[in-house]
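J.: My structure is below; once you've seen it, I'll send some questions.
The values are calculated or read from the model by the stated rules, or taken from the named source; none is laboratory data. No experiment lies behind these values; they were computed from the predicted model shown. No Cβ is skipped: glycine too gets one built from the backbone with ideal geometry, and neighbour counts run over all protein chains shown.
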Amino acid sequence: MTHPARHIAVSIDRAAGDVYSYASNPENLPAWASGLGSVRRDGDAWVSDMDIGRVRIAFAPRNDLGVLDHDVTLPDGTTFHNPMRVVPNGGGCEVTFTLFRLPGVPDEEHEKDAATIAKDLVALKTVMER
């Protein structure tokens, strides 16, 4: 069974390699990913203390393909896989996040998640285009 997917994207006027290098460094997350406090290393993953408690963030290994996939594990052990890509577009790039609509997620919550992701991608664009 597949889940409905929504692709949320932003164009950034900066080279894909620069955006990937910045966005793939978990220490930079608080500058553009809302809700995260400081991010610190914990074994093979990164952790952040959020309103809901400590979350673990595990990124795909560094790569030359712009893959920024990451798993977020909530305090209750629930893990969400978050596909994310940086793709060259002329002298800039496109950053795309895929949001899956999981069973049981109310419309309002899904729309709120999508709006938060869009806001975060705009924040990443702002940081990268300075």
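J.: For the stretch 40-66, which residues satisfy the criterion of being assigned to a strand (DSSP E or B), under 14 Å from the mean Cα position of the chain (by Cα) and within 22 Å of LEU102 (Cβ to Cβ)?
T.: Within the stretch 40-66, SER48, VAL55, ARG56, ILE57, ALA58, PHE59 meet the criteria.
J.: I would also like to ask the following. Pairs please, first residue from the stretch 22-42 and more than 21 Å from CYS93 (Cβ to Cβ), second anywhere and of a type in the set (Gly, Ala, Ser) and surrounded by 12 or more Cβ atoms within 10 Å (Cβ to Cβ), Cβ atoms under 7 Å, 6+ apart in sequence or on different chains.
T.: PRO30/GLY37; LEU36/SER48; GLY37/SER48; SER38/SER48; VAL39/SER48
J.: So which of SER24, SER38, SER34 ends up being closer than 20 Å to ALA118 by Cα and either surrounded by fewer than 13 Cβ atoms within 10 Å (Cβ to Cβ) or in contact with a helix residue (DSSP H, G or I) (Cβ under 7 Å, 6 or more places away or on another chain) (or both)?
T.: Exactly one of SER24, SER38, SER34 is closer than 20 Å to ALA118 by Cα and either surrounded by fewer than 13 Cβ atoms within 10 Å (Cβ to Cβ) or in contact with a helix residue (DSSP H, G or I) (Cβ under 7 Å, 6 or more places away or on another chain) (or both), namely SER34.
J.: Same structure, new question: Among residues belonging to the stretch 42-53 that are out of contact with any Pro (no Cβ under 6 Å at 6 or more places or on another chain) and either crowded, with 16+ Cβ neighbours inside 10 Å or over 20 Å from TRP32 (Cα atoms) (or both), point out the one that is modelled with the lowest pLDDT.
T.: Initially, the stretch 42-53 is screened for residues out of contact with any Pro (no Cβ under 6 Å at 6 or more places or on another chain), giving 42-45, 47-52.
Subsequent filtering for residues that are either crowded, with 16+ Cβ neighbours inside 10 Å or over 20 Å from TRP32 (Cα atoms) (or both) retains 42-45, 47-48.
Details: ASP42: 90, GLY43: 84, ASP44: 78, ALA45: 82, VAL47: 96, SER48: 93.
Ranking the qualifying residues of the stretch 42-53, first place goes to ASP44.
J.: Also, I was wondering about something else. Return the residue satisfying two criteria in turn: it lies in the stretch 67-98 and is in contact with a Pro (Cβ under 9 Å, 6 or more places away or on another chain) and not in a loop (DSSP other than H, G, I, E, B), and of such residues it is modelled with the lowest pLDDT.
T.: HIS70
J.: Something else: Could you please give the count of residues in the stretch 54-86 that are crowded, with 16+ Cβ neighbours inside 10 Å and farther than 17 Å from ASP44 by Cα?
T.: The total comes to 7.
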